[in-house]
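Peer 1: Once you've had a glance at the structure underneath, I'll fire off some questions.
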Amino acid sequence: MKDSTSEKLTWKGYLVVASLLFGLFFGAGNLIFPLHLGQLAGKNWLLAAAGFLVTGVLLPLLSVLAVSITRSEGVYDIGKPLGKVFAVVFMVLIHATIGPLFGTPRTATVSFTVGIAPFVPQNAEKVSLLIFSVLFFAAAFAFSYHQNNILSNIGKVLNPLFLGLLFLVFVVAFLNPLGNPQVATVTQAYQHSALVNGFLEGYNTMDALAGLAFGVTVVTAIRGMGFKSSKTISKVVAQSGFVGVSAIGFIYLLLILMGAMSLGRFSVSDNGGVAFNQIVNVYGGVFGQALLALLLTVTCLTTAVGLVAAFAQDFHKHFPKVSYHTWLFLSCFSSFLAANFGLDQIIAWSTPMLMFLYPLSMVLILLSVCSPLFNKDSVVYFFVILFTVVPALGDMVVAFPSVVSQSSFGLAVASLRAHLPLAQMGMSWLVPALIGLAIGLAVHYAKGRSMAVNVES
């Protein structure tokens, strides 16, 4: 195919790429966390949704724009202004978190726990999860084996099936609402801090991290369509990203509202998976449960394909002695092993990593988007990250399970962290990051004036 730098992508082409981005982003957590948020927020669902949309929609969109503006191809390029060592460490941490340690295993455990487990005797759940996870990651391996087919497999095959099933659920739920969301009970945490708690709940989607990691997958797919120019690829990524992420935001609003409506029939559930199970069983019984199993498996599989492919592509690029297919197998196999520890363990240990990595990712995304304003000066990056990383580490320690957070070390960290602004909201990093930004920009402009004076003299 000839170079398409002088051509425009058709509207159908943009929709295909947007569908790819949608399929990569929208996984199990994107279904269950907004639904649970609606139950927690009750009649304050709209305010909580506003906070959730910042971390669940705006940040992923900005991560796509960061890839576009900086003409990056992955996580490594986003961290490169801080040096090659930082870029590699940041890439490994991001991919490990959204990949084989937490994110990718969660795609299998959520689809099993919510969709399949209700059909399985309790004493056979472990064996059933083992068999399901083998088949699940074998399918993910097969769909992502040929890099150039990922766009077709997700954007044209899996995604339309998922959207059709989800649309059916929404039609039934809103034609026959379980309750009035405007009078739904509000849990204590959401009575006065709905916006902030919604913001933090958006961390669980992992989409801001995933947006950085998926960059290489999306760029590879667009190049497979014949676009070679970095400028053209950046434009396609930005425009398609806006369409895909906007669609996710609309679905989030419907899910949050549906969660709030469900309080007319049910009390607040332990998690969104249980809530989804309850809602679907009211409307569809056993058939509804089977539909839910299919719905979750399809959407989780699309995300798993993107995650294992992005992991293999990025690691092969930076460690080329190991082939793409070997990295792909290692990603799938490691995810299979982690999945069999169970959903509760995965969520418990992933939360601390998200409390650490999300602040770093947010500031890097915003710096990348705004980098033309300060000529991508590494000194600005340095001070912002320096002032962000320490409080983020504190947020990570206090978020660990009690074996760490309640140890003498964990309690000492919590005591020091309590003196930082917004610590009680889980955002102790925000004010230090702004201070770092102010210092970094001051040094940047001071260097610029110094250089100008030297030139004149």
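Peer 1: Only one of VAL389, VAL380, VAL322, VAL363 is among the hydrophobic types (A, V, I, L, M, F, W, C) and touching a Phe, Trp or Tyr at 6+ places or on another chain (Cβ under 6 Å). Can you tell me which?
Peer 2: VAL380
Peer 1: In the list THR113, THR70, which residue meets the criterion of being of a type outside the set (Gly, Ala, Ser), out of contact with any Cys (no Cβ under 8 Å at 6 or more places or on another chain), within 17 Å of VAL384 (Cβ to Cβ) and modelled with pLDDT under 90? Spell out how you get there, then give the answer.
Peer 2: On the way: THR113 fails: within 17 Å of VAL384 (Cβ to Cβ).
Result: THR70 is the single residue among THR113, THR70 that is of a type outside the set (Gly, Ala, Ser), out of contact with any Cys (no Cβ under 8 Å at 6 or more places or on another chain), within 17 Å of VAL384 (Cβ to Cβ) and modelled with pLDDT under 90.
Peer 1: Counting residues that are under 16 Å from TYR358 (Cα atoms), which helices (runs of 4 or more DSSP H) fully inside the stretch 370-457 reach at least 2? If you could, list the steps in order and put the result at the bottom.
Peer 2: Values: elements: 378-399, 402-405, 408-417, 430-456.
So the answer is 378-399, 430-456.
Peer 1: Does the stretch 324-343 include one or more residues that are under 17 Å from the mean Cα position of the chain (by Cα), at pLDDT 85 or above and assigned by the TED database to the domain that holds LEU161?
Peer 2: Yes, the stretch 324-343 contains a residue that is under 17 Å from the mean Cα position of the chain (by Cα), at pLDDT 85 or above and assigned by the TED database to the domain that holds LEU161.
Peer 1: Same structure again: For the stretch 68-81, give me the residue count where each residue is open to solvent by less than 10 Å² (accessible area, probe 1.4 Å) and over 15 Å from the mean Cα position of the chain (by Cα).
Peer 2: 3
Peer 1: Looking for whichever is in contact with a Ser or Thr (Cβ under 6 Å, 6 or more places away or on another chain), assigned to a helix (DSSP H, G or I) and farther than 27 Å from ALA293 by Cβ here; the options are VAL17, VAL88. Which one fits?
Peer 2: Working: VAL88 fails: in contact with a Ser or Thr (Cβ under 6 Å, 6 or more places away or on another chain).
None of the others qualify; the one that does is VAL17.
Peer 1: Ok, one more. Which condition from (1) within 30 Å of PHE266 (Cβ to Cβ); (2) at pLDDT 75 or above is the one that TRP11 breaks?
Peer 2: Every listed condition holds for TRP11 apart from (1).
Peer 1: Which one of these is among the aliphatic types (A, V, I, L, M) and either modelled with pLDDT of 90 or more or within 29 Å of ARG106 (Cα to Cα) (or both): VAL369, VAL384?
Peer 2: VAL384
Peer 1: For the stretch 97-110, which positions are modelled with pLDDT of 90 or more and small (Gly, Ala, Ser)?
Peer 2: ALA108
Peer 1: Looking at the structure I just gave you, is PHE319 within 23 Å of the chain's Cα centre (by Cα), surrounded by fewer than 22 Cβ atoms within 10 Å (Cβ to Cβ) and either more than 27 Å from LEU65 (Cβ to Cβ) or among the β-branched types (Val, Ile, Thr) (or both)?
Peer 2: So PHE319 fails the test.
Peer 1: Look at the stretch 87-106 and say how many of its residues are in contact (Cβ under 8 Å) with a residue 24 or more places away in the chain and open to solvent by 10 Å² or more (accessible area, probe 1.4 Å).
Peer 2: 6
Peer 1: If you don't mind, another one. Do you know which residues across the stretch 254-286 are among the polar types (S, T, N, Q) and more than 25 Å from the chain's Cα centre (by Cα)?
Peer 2: Answer for the stretch 254-286, where residues must be among the polar types (S, T, N, Q) and more than 25 Å from the chain's Cα centre (by Cα): SER262, SER267, GLN278, ASN281.
Peer 1: Hey, among VAL114, VAL64, VAL54, which residue is of a type outside the set (Lys, Arg) and surrounded by fewer than 21 Cβ atoms within 10 Å (Cβ to Cβ)? Walk me through how you get there before you give the answer.
Peer 2: Working: VAL114 fails: surrounded by fewer than 21 Cβ atoms within 10 Å (Cβ to Cβ); VAL64 fails: surrounded by fewer than 21 Cβ atoms within 10 Å (Cβ to Cβ).
Exactly one residue qualifies, and that residue is VAL54.
Peer 1: Report, by residue number, each residue of the stretch 168-185 that is in contact (Cβ under 8 Å) with a residue 12 or more places away in the chain and either assigned to a helix (DSSP H, G or I) or outside the structural domain of GLY284 (by the TED database) (or both). Walk me through it before giving the result.
Peer 2: Kept after step one, since they are in contact (Cβ under 8 Å) with a residue 12 or more places away in the chain, are these residues of the stretch 168-185: 168-170, 172-174, 176-185.
Selection gives LEU168, VAL169, PHE170, VAL172, ALA173, PHE174, PRO181, GLN182, VAL183.
Peer 1: Taking the stretch 363-382, which residues are surrounded by 21 or more Cβ atoms within 10 Å (Cβ to Cβ) and not β-branched (Val, Ile, Thr)?
Peer 2: LEU364, LEU367, SER368, TYR381
Peer 1: Look at LYS235 and say whether it is surrounded by fewer than 18 Cβ atoms within 10 Å (Cβ to Cβ), charged (D, E, K, R) and over 23 Å from PHE143 (Cα atoms).
Peer 2: Details: surrounded by fewer than 18 Cβ atoms within 10 Å (Cβ to Cβ): yes; charged (D, E, K, R): yes; over 23 Å from PHE143 (Cα atoms): yes.
Against the criterion (surrounded by fewer than 18 Cβ atoms within 10 Å (Cβ to Cβ), charged (D, E, K, R) and over 23 Å from PHE143 (Cα atoms)), LYS235 qualifies.
Peer 1: Quick one: what pairs do we get from the stretch 367-389, first residue at positive phi, second in a helix (DSSP H, G or I), C-beta under 9 Å, 6+ apart or different chains?
Peer 2: ASN375/HIS444; ASN375/GLY448; LYS376/PRO81; LYS376/LEU367; LYS376/SER368
Peer 1: Of all the residues that make up the stretch 218-267, how many are under 17 Å from ILE279 (Cα atoms) and part of a helix (DSSP H, G or I)?
Peer 2: Selection size over the stretch 218-267: 14.
The values are calculated or read from the model by the stated rules, or taken from the named source; none is laboratory data. Because the structure is predicted, anything quoted here is derived from the model rather than measured. Cβ sites come from the backbone with ideal geometry, for glycine too, and all protein chains shown count toward neighbours. Just the protein is used for accessible areas: all its heavy atoms, side chains included, with ligands, DNA and RNA removed. Shrake-Rupley method; radii C 1.70, N 1.55, O 1.52, S 1.80 Å.
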